[in-house]
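Take a look at the structure set out below.
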């Protein structure tokens, strides 16, 4: 008797004691604890805590998962490296030296490249995901880059420079910066709209969001947000951008059709970086000063859970 693909998938899921079509995990980097909290997004509970057998260090920041969900890449800012962590075994596959004081970490849409912002080097390090080697260092025009984010097509990289109040636009094919875009004040999180070179950049000291045309290297509009806007993420359909406001303890919801804030959602203290589930139904927000993650129902625009994690959570990734 021939079994359908769905029957085979279900049988394999039962055999491995994993529900078919199980919800993914959310991984939270806890900066001061040197750990990663693993949240089951179906139950919204922490089910494991990873530490790379205690080798992640005590200043972990940026975090991304590879496309398989089997490897986490975690920034160790004090050690000047990216740790490649095997999720299943909690063992380090590699420790990749990248430069001085890395912070934000980006993954290209094709999953082939990592980009680490090097605050003290005023540069970005590109890392090949397959070889786990640095392939290039690119000097930036700005100072103290925090977030490095690839454009959806992989042609450009934006770096938000806190100390020079601008955003570098890096041409990845040429391997050089094409210049900077002046921010409204202290740029931080960056969210590209899917399929475009338009980015929404949190401007912390302006309590606002700059909409940047990366091709023209210009701010096309500025949207008022709330106190100390810091994190940014766009929905997969490109209709919504979420902004975490560190001073207000809230997440602002921007409707892209009108470029206006249509909701402010209360979360924990000093929300930083965020991740959306694959279906876009839930948003996970790292609350740095609450040592927690807030879970937001994106349909109702209301918080549904606050989950205790490690100390000073910095970022969240969902593969």
Inset, instruction - Which order do the peptides 118-131, 223-236 take when ranked by the mean count of other beta-carbon atoms within 10 Å per residue, highest first? - result: 223-236, 118-131
Inset, instruction - Quote to one decimal, in nm, the extra length available between residue 213 and residue 257 on full extension: 0.36 nm per residue of separation minus the C-alpha distance between them. - result: 14.2 nm
Inset, instruction - Measure out, as a whole number of angstrom, how far apart the alpha-carbon centroids of the stretch 251-319 and the stretch 156-185 sit. - result: 26
Inset, instruction - Consider a paramagnetic label point 7 Å from the Cα of residue 236 along Cα→Cβ; state which residues of the stretch 271-303 have an amide N under 16 Å from it. - result: 275-284, 298-299
Inset, instruction - Mind running the shape call on the stretch 169-319? Use the C-alpha gyration tensor, a ≥ b ≥ c as the square roots of the eigenvalues: rounded below 1.5 for a/c, prolate if a/b tops b/c, oblate otherwise. - result: prolate
Inset, instruction - Starting with the fewest neighbours, write out 307, 39 ranked by other beta-carbon atoms found within 10 Å of each beta-carbon. - result: 307, 39
Legend entry - Candidate values (i) 62, 48, 36; (ii) 62, 43, 41; (iii) 54, 50, 35, label of the one derived for Cα extents along the principal axes in Å: (ii)
Legend entry - Pairwise label distance in nanometres, residue 131 with residue 308, each label 7 Å out on the Cα-Cβ vector: 4.6
Legend entry - Most mobile listed residue (208, 115, 88) in the chain, GNM with C-alpha springs under 10 Å: 88
Inset, instruction - Calculate for the chain the 222 nm mean residue ellipticity that helices alone would give, adding -39,500 (n - 2.57) per DSSP H run of length 4 or more and normalising by residue count, nearest 500 deg cm²/dmol. - result: -1000 deg cm²/dmol
Inset, instruction - Please tell me the relative contact order of the chain in percent, rounded to the nearest whole number, where contacts are Cα pairs under 8 Å and at least six residues apart. - result: 12
Legend entry - Rough spin-label spacing in nm, given labels placed 7 Å along Cα→Cβ, for residue 92 and residue 297: 4.2
Legend entry - GNM result for the chain, Cα springs below 10 Å: residue of 248, 263, 42 fluctuating most strongly: 42
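For the stretch 215-319, calculate the relative contact order in percent as a whole number, restricting contacts to Cα pairs under 8 Å that are 6 or more residues apart.
Contact order relative to length: 18 percent.
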Inset, instruction - Taking 7 Å along the Cα-to-C-beta vector as the label spot, tell me the residue 196-residue 32 distance in nanometres, rounded to one decimal. - result: 3.8
Inset, instruction - Under a 10 Å cutoff between Cα atoms, tell me which one of 102, 266, 24 has the largest fluctuation in the Gaussian network model of the chain. - result: 24
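Bear in mind these aren't lab numbers, they're just calculated from the coordinates by the rules spelled out. Just so you know, these numbers come straight off a predicted model, no measurement behind them. So basically every Cβ, Gly included, is an ideal-geometry build from the backbone, and we count neighbours across all protein chains shown.
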